[in-house]
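The values are calculated or read from the model by the stated rules, or taken from the named source; none is laboratory data. Since the model is a prediction, treat every value here as computed from it, not as a measurement. Cβ placement follows ideal geometry from the backbone for every residue including glycine, while neighbour counts extend to all protein chains displayed. Note: accessible area is taken over every heavy atom of the protein model, side chains too, but ligands, DNA and RNA are not part of it. Shrake-Rupley method; radii C 1.70, N 1.55, O 1.52, S 1.80 Å.
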Amino acid sequence: MKNIVEVQGLKKRYKDFQAVRGIDLEVGEGEIFGFLGPNGAGKSTTINMLSTIIKPSEGTANINGFDIVNEKNKVRASIGLIFQESTLDEKLTANENLMLHCKFYGVPKEKREERVKEVLEIVDLENKRSNIVDTFSGGMKRRLEIARGLLHYPRVLFLDEPTVGLDPQTRNHIWEYILRLKQKAGITIFLTTHYMDEAEICDRVAVMDHGELIALDTPDQLKTNVGGDIIEIETEDNRAAAALLENKYEAEVKEAEGSLTFQVEKGSEFLVQFVREFDIPIKTVNLRRPTLNDVFLSLTGREIREETVSAKDKMKSRFRRGGA
Ligand SMILES: Nc1ncnc2c1ncn2[C@@H]1O[C@H](COP(=O)(O)OP(=O)(O)O)[C@@H](O)[C@H]1O
Ligand SMILES: [Mg+2]
């Protein structure tokens, strides 16, 4: 697989504050690559450097073979960009927004009509083409932005928190479009998110915290690295069961709400033997894989708090956009 994004030692400093502390990574063509991290981790700063919006303090990167500092225009022509905050002109129609973009990106006049139609079809907005964007729902605006990002046939699409502030159903919808893009156009997708389920969809995920990448792998491998599966049991005597688990199985047991949880390497294999031989009667057993939340927790000792962050983001975007 050819690399379409290559990053070496990328840093960004704002006065005394180091927002991005030296990032190295490579993204293969056609990959869906995600940056997962809490608010303030440095995700937007990184994406803004890669998309030539801001200049790195140190380090280099190339996109589609072009240098992000010395070949800005070629980089820009290679990428589609969807910012964290909406940048649509809401007083214009969907069509006018897209036509303007075609003009900015030098899409030849005779091709514009066809391209606009094509991208609107991808996001199911053909029949809204002449409507004023102001009348669109949040999800429709997001879809229109994705469509706009595709107009000049970019090789890489950068999406900064593409579904922040949208309800779960709309978020799923947006994801269908993104996955469709990957299949249809073979486009490489580079996104940031603080939603675990969104990171799950990525082929590979870089976990970012305090301006650094603290892990980079497939979601599966990241979870495997946490150390196996999580088993949750309820027994007739939890105290005795916890003691037995700790002594005999050397498990690290956590007790919460009437159940015991512990980690084992191969959950299903372990359970077969365990259920047969465990001396204390078991009432319920539950086996689950670690989540990406468990991954972040094990790497940092903290959780990515989705609820608080998204509530804050919602307020922020409402404030900035003046309603809706
Ligand atoms: N223009 C700026 N000037 C000073 N500090 C900034 C600027 N932009 C971002 N930061 C800081 O850099 C850190 C990373 O920000 P950002 O990249 O937006 O994080 P994320 O997108 O992961 O939430 C934050 O602490 C933020 O306050
Ligand atoms: Mg951000």
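Below, the figures for the structure above:
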| read-out | value |
| --- | --- |
| Top positive-direction residue, dipole computed over the chain with Cβ charges, set 62, 208, 102 | 102 |
| Kirkwood estimate for segment 242-295, i.e. one over the average of 1/r between Cα atoms, Å | 12.2 |
| Under DSSP loop assignment and at most 12 Cβ neighbours within 10 Å, longest GluC sites (Glu not before Pro)-free interval of the chain | 1-235 |
| Rounded, prolate or oblate (a/c below 1.5 giving rounded, otherwise prolate when a/b exceeds b/c) for segment 189-306 by Cα gyration tensor | prolate |
| Compactness relative to 2.2 N^0.38 Å, alpha carbon Rg of the chain | 1.17 |
| Fraction of the pair-distance distribution of segment 209-278 above 16 Å, Cα-Cα pairs, percent | 55 |
| Accessible surface, per residue, of the chain when the full set of protein chains is kept, probe 1.4 Å, Å² | 51 |
| Within the chain, helix-based [θ] at 222 nm, where runs of 4 or more DSSP H residues each add -39,500 (n - 2.57), nearest 500 | -12000 deg cm²/dmol |
| Rounded to whole Å, sorted largest first: equivalent-ellipsoid semi-axes of segment 57-173, Cα gyration tensor | 25, 19, 11 |
| Centroid-to-centroid separation of segment 133-157 and segment 224-288 [C-alpha atoms, Å] | 48 |
| Lysine-lysine proximity count for segment 76-192, Cα under 15 Å, sequence distance 8 or more or distinct chains | 6 |
| Over 13 Å [Cα-Cα, segment 153-200], rounded percent | 57 |
| Accessible-area composition of the chain, carbon plus sulfur, in percent [1.4 Å probe] | 47 |
| Share antiparallel - DSSP beta bridges, the chain, percent rounded to 5 | 65 |
| Rounded to 10°, Cα long-axis angle of helix 306-321 versus longest principal axis of the chain | 20 |
